[in-house]
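Reviewing the structure listed below.
The values are calculated or read from the model by the stated rules, or taken from the named source; none is laboratory data. None of the values given here were measured: they were computed from a predicted structure. Glycine also receives a Cβ, built like all others from the backbone with ideal geometry; neighbour counts cover every protein chain displayed. Keep in mind that these areas ignore ligands, DNA and RNA; they rest on the heavy atoms of the full protein, side chains included. Shrake-Rupley method; radii C 1.70, N 1.55, O 1.52, S 1.80 Å.
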Amino acid sequence: MKTKMTNYRWAICAMLFFATTINYMDRQVLSLTWKDFIAPEFNWTDSDYGTITGFFSIFYAFACLFAGKFVDWMGTKRGFLWAIGIWSLGACMHAGCGWATIELLGYESLEALKAVEVGSKAAMAIATLSVWLFLICRAILALGEAGNFPAAIKVTAEYFPKKDRALATSLFNAGASVGALAAPLTVPILAQTLGWEMAFIIIGVLGFVWMFFWVYMYEKPEKS
């Protein structure tokens with residue numbers, strides 16, 4: 001029984017690794033699609049993109065101040081589910097920004113949106129509205145992603161004795177580097193073949209898949 005529990009700890013560690021990988025993939029989809037796919041559609045400038053990324057960083061830092069307390073309050077299992085559920089929803093919501101811009105400004109189609117003269121008042125309205133929509137999505141993404149590391153560290157403390165915690169932490173934290181490498185290899189291909197909207201959706205859905213496994217795999221050690 002002792003051997004089985006020891007091995008199972010590493011299965012939980014693998015789940016933390018995949019969560020962290022997905023976390024870093026989700027946050028990079030915008031940076032890999034905005035220049036070639038999104039900016040031409042919404043008439044974005046470098047300043048618009050800088051506003052969005054700067055806001056994400058600030059809001060993420062702010063959310064981190066409360067994420068640990070939230071995980072302690074909700075418990076590890078539910079806290080992690082809430083965190084990854086929120087950020088996966090936020091990631092997928094980016095795909096709807098084009099549709100929302102069309103509807104709110106009263107255009108008939110995406111082609112009509114793209115046909116607007118660059119530099120005109122209409123183009124400025126499209127850029128401004130789309131930036132605000134993306135800011136909302138980035139806020140939701142940041143709110144959920146702030147819970148990843150507090151939850152992962154709490155799981156590590158629950159499942160691993162002190163002598164193994166540093167190793168477990170380094171293993172799941174490697175997911176940050178893997179995610180940072182995996183995103184450039186997959187996102188541009190998805191955006192080129194299926195559209196930038198599907199790139200957000202497909203990468204975002206990975207989080208919901210992770211949630212399915214987490215529901216059945218995780219339980220507090222004393223209840224496992």
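Listed by position, the helices (runs of 4 or more DSSP H) inside the stretch 129-224 whose residues that are open to solvent by 10 Å² or more (accessible area, probe 1.4 Å) and under 24 Å from Ser47 (Cα atoms) number at least 3 are 162-194. Within the stretch 109-121, residues that are more than 24 Å from Gly96 (Cβ to Cβ) sit with their Cβ atoms under 7 Å from residues that are open to solvent by less than 40 Å² (accessible area, probe 1.4 Å) and assigned to a helix (DSSP H, G or I), at 6+ positions apart or across chains, in these pairs: Glu117/Ala123.
Against the test of being free of Cβ contacts under 8 Å to residues at least 60 places away in the same chain and within 17 Å of the chain's Cα centre (by Cα), the options Val187, Val209, Val205 yield a single qualifying residue, Val209.
Applying the criterion of being within 18 Å of Thr156 (Cα to Cα) and touching a residue at least 60 places away in the same chain (Cβ under 8 Å) to the residues of the stretch 56-78, the residue that is most open to solvent (accessible area, probe 1.4 Å) is Asp72.
Across the stretch 101-122, the number of residues qualifying as part of a helix (DSSP H, G or I), closer than 17 Å to Phe37 by Cβ and either aliphatic (A, V, I, L, M) or touching a Pro at 6+ places or on another chain (Cβ under 8 Å) (or both) comes to 4. In the stretch 59-67 there is at least one residue matching the filter, namely being within 22 Å of Ile201 (Cβ to Cβ) and either in contact with a strand residue (DSSP E or B) (Cβ under 9 Å, 6 or more places away or on another chain) or of a type in the set (Ser, Thr, Tyr) (or both).
Conditions tested, residue by residue: (1) under 22 Å from the mean Cα position of the chain (by Cα); (2) open to solvent by 40 Å² or more (accessible area, probe 1.4 Å); (3) hydrophobic (A, V, I, L, M, F, W, C); (4) at pLDDT below 95.
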| residue | (1), (2), (3), (4) |
| --- | --- |
| Met1 | no, yes, yes, yes |
| Leu16 | yes, no, yes, no |
| Ala19 | yes, no, yes, no |
| Ser31 | yes, yes, no, no |
| Asn43 | no, no, no, yes |
| Tyr49 | yes, yes, no, no |
| Gly54 | yes, no, no, no |
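Residues that are closer than 18 Å to Ile126 by Cβ and among the β-branched types (Val, Ile, Thr) within the stretch 43-61 comprise Thr45, Thr51, Ile52, listed in sequence order.
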